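Participant: Structure in structure tokens, see below.
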């Protein structure tokens, strides 16, 4: 009996595979947990792939990698892990295949997708086919990015700019991809641009002399003089970063990649509607923007200034406008005359005061009337009270 059992065991061992440390073999997944994958290799003991040997991507869950019945290629790390199991690695297999794949991609100059898994000093770590790659901060975007954390967990289209298998080194660039995409966008945009055409864009940058607007891969400049029909001291008076604006193409140079844009051209000139908005006799609010010897210029809106002649500043005699007014002062003015063709508006501050006095007097006239009685005496009627001249009356100081 013992001889028969020994013979049986020898026959069984003959059917089992022979494993060697460092070789790559194929097995069948028989169990998967959060911590490991168990594999049947046809060997006298099962193989175990611990979580740290499943992938270089530390965020990967074994349950997302394999399920029971799957075939899986593994690398034999050890024939005995201390508990009688064969110690295996999946990431070693992926690494070998991954290096081969990355070298092919680099040679072809193709784009490749990389998953960012970690932010490190000077850049981020991304994983491709189990290979940990480095993207320097300067190659993450085509503009400066302050917080690299925003890339963590993202999948980015990149190009391989350096690879060295012996040094276990792969350098990726997303900036190169973005620059190539922008180049194509610029070529397409310039092929369609026409002077006088209108296009929408986003305000990306503001300087003292104007605002740069992204109109689709190209940053066009709206010079400060083209932002508004009125005087603008700084572009932020009209636009802010992030604003979506409609602009007109004033000029462009395809060779230099420059585009001149205008914002005010997309809006009606204030003088076109001035006569309807500011009819003669109307009283409106304005801001004093300039003082001259003969009067003051009052801005009713950007691009629309009217003149208050020195004689119309006050009912009192005025030697110089600065005696009564200062730059930036908000005043009420009455429109005396308007000539859109000549782009002139005559305004008056004193006429507003006169109108207000007339209104006050009118209120008094409406409230107090004179009535002639039969006895020839005049009486003033206010509300329900009647007072005769000569009557002694009490005056309420509080009123």
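Every number here is computed from the coordinates shown, using simple stated rules; none is lab data. Since this is a predicted model, take the numbers as computed values, not measurements. Cβ coordinates were reconstructed from backbone atoms using ideal geometry, including for glycine residues, and neighbour counts include every protein chain displayed.
Participant: For region 199-213: of the residues being loosely packed, with under 13 Cβ neighbours inside 10 Å and in a strand (DSSP E or B), which is nearest to the chain's Cα centre (by Cα)? It would help to see each step written out before you state the result.
Facilitator: Looking only at region 199-213, we keep the residues that are loosely packed, with under 13 Cβ neighbours inside 10 Å, and these are 200, 207-209.
Now drop any that are not in a strand (DSSP E or B), which leaves 200, 207.
Values: 200: 15, 207: 17 Å.
Filtering first and then ranking leaves 200.
Participant: Run residue 191 past the list (1) more than 20 Å from residue 119 (Cβ to Cβ); (2) part of a strand (DSSP E or B) and report the number of the one that doesn't hold.
Facilitator: (2)
Participant: Report, by residue number, each residue of region 121-157 that is assigned to a strand (DSSP E or B) and closer than 29 Å to residue 74 by Cβ.
Facilitator: Our first condition is that a residue be assigned to a strand (DSSP E or B); within region 121-157, this holds for 123-128, 131-136, 155-157.
Scanning region 121-157 gives 125, 126, 127, 128, 131, 132, 133, 134, 155.
Participant: Give region 285-324 a look and list any residue that's surrounded by fewer than 18 Cβ atoms within 10 Å (Cβ to Cβ), in contact (Cβ under 8 Å) with a residue 40 or more places away in the chain and in contact with a strand residue (DSSP E or B) (Cβ under 9 Å, 6 or more places away or on another chain), or say none.
Facilitator: Answer for region 285-324, where residues must be surrounded by fewer than 18 Cβ atoms within 10 Å (Cβ to Cβ), in contact (Cβ under 8 Å) with a residue 40 or more places away in the chain and in contact with a strand residue (DSSP E or B) (Cβ under 9 Å, 6 or more places away or on another chain): 285, 287, 289, 299, 301.
Participant: It is to be established whether one or more residues within region 214-228 are out of contact with any strand residue (DSSP E or B) (no Cβ under 9 Å at 6 or more places or on another chain) and either farther than 30 Å from residue 341 by Cβ or assigned to a strand (DSSP E or B) (or both).
Facilitator: yes
Participant: Looking only at region 92-120, count how many residues are farther than 30 Å from residue 78 by Cβ, in contact with a strand residue (DSSP E or B) (Cβ under 7 Å, 6 or more places away or on another chain) and assigned to a strand (DSSP E or B).
Facilitator: Count: 4.
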